[in-house]
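Engineer: Got a structure for you, questions after.
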Amino acid sequence: MTSEKGLGFFETSFPAHPDLQRIILFSGHFCAGHVIGLRAAEEFLERFDLSRATEDEIVAIVENHSCVADAIQVVTGCTFGKGNLIFHDHGKHIYTFVEHDSGRALRFCLRMNIERAPGTNPSDPERMAWTAECPVHELFEIEELTVALPPPLPRPIMQPCPCCGEWTTNQLAVPVDGRQLCYPCAAKAGAVPPSVIPPWKMF
Ligand SMILES: [Zn+2]
Ligand SMILES: [Zn+2]
């Protein structure tokens, strides 16, 4: 399989491609969003000769919440739980993959020619096939760059919020009038913006 030729998975690999099976197990379904994430993640791993991260050898930065991010977690091993998946809620189809130790990175910007893909629903087989077969450079604008990752923080210490009594980490407590409040209590006090649930869905 080469990225330039596309995945060819409807002809040859589906459903044998191990990542497709892992994505379905993880996400519960398979759609064009997953194909986008799979294409970007595989291109990064192949170009930098890396394999799926077991710890934090790779960091992925996603700028939307969608099925693309689910595929990226499965293929790269950059997961929400391990902390090497960074989420910025920008509503943009931007996916950046960083080799942790060197900072070498690839930034993928989905080209909006995806709008010309056949079908209207991300689960349409023609739409998934088009996304899988499109040459990777026609699917994404790909930029090589260096990303300076911050040094790891010391291990967090849990402490009780003096307002609600629930425990939070010292790193995320918010100082309000000399007290260390948990984020929701600090938001109720007007010290920080409230947490919001993003109302949109890309895929
Ligand atoms: Zn989906
Ligand atoms: Zn609280």
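The values are calculated or read from the model by the stated rules, or taken from the named source; none is laboratory data. Here the structure is a predicted model, which is why all the values come from computation and not from measurement. For neighbour counting, all protein chains shown are included, and Cβ atoms are generated from backbone atoms with ideal geometry for every residue, glycine included.
Residues are listed down the side, and each one gets a yes or a no for (1) among the aromatic types (Phe, Trp, Tyr); (2) touching an Asp or Glu at 6+ places or on another chain (Cβ under 6 Å); (3) farther than 30 Å from GLY33 by Cβ:
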position	(1), (2), (3)
CYS161	no, no, yes
TRP167	yes, no, yes
ARG179	no, no, yes
SER195	no, no, no
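Engineer: Taking GLY28 and the conditions (1) modelled with pLDDT under 95; (2) in contact with a helix residue (DSSP H, G or I) (Cβ under 8 Å, 6 or more places away or on another chain), which numbered condition does it fall short on, given that it satisfies the others?
Structural biologist: Answer for GLY28: the failing condition is (2).
Engineer: How do the pairs read when you match residues in the range 43-56 that are among the acidic types (Asp, Glu) with residues anywhere that are assigned to a loop (DSSP other than H, G, I, E, B), using Cβ under 6 Å and keeping only pairs 6 or more apart or on different chains?
Structural biologist: Correct list of pairs: GLU43/SER3; ASP56/ASN84; ASP56/HIS100.
Engineer: Name the helices (runs of 4 or more DSSP H) wholly within the range 110-203 that hold at least 3 residues that are at pLDDT 90 or above?
Structural biologist: Once the helices (runs of 4 or more DSSP H) in the range 110-203 are filtered for at least 3 residues that are at pLDDT 90 or above, what remains is 136-139, 183-188.
Engineer: Now for a different question. May I ask you to list the residues in the range 71-127 that are of a type in the set (D, E, K, R) and out of contact with any Gly (no Cβ under 7 Å at 6 or more places or on another chain)?
Structural biologist: Result: LYS82, ASP89, LYS92, GLU99, ASP101, ARG104, ARG107, ARG111, GLU115, ARG116, ASP124.
Engineer: Residue check, VAL98 against (1) in a strand (DSSP E or B); (2) surrounded by fewer than 16 Cβ atoms within 10 Å (Cβ to Cβ), all met but one. Which one?
Structural biologist: (2)
Engineer: Any residue in the range 5-14 that is modelled with pLDDT under 85 and touching a Cys at 6+ places or on another chain (Cβ under 7 Å)?
Structural biologist: yes
Engineer: Report every pair of residues separated by at least 6 positions or lying on different chains whose Cβ atoms are under 7 Å apart, first residue within the range 181-197 and free of Cβ contacts under 8 Å to residues at least 12 places away in the same chain, second more than 12 Å from ligand 2 (Cβ to nearest atom) and in a loop (DSSP other than H, G, I, E, B).
Structural biologist: ALA187/PRO193; ALA187/PRO194; ALA187/SER195
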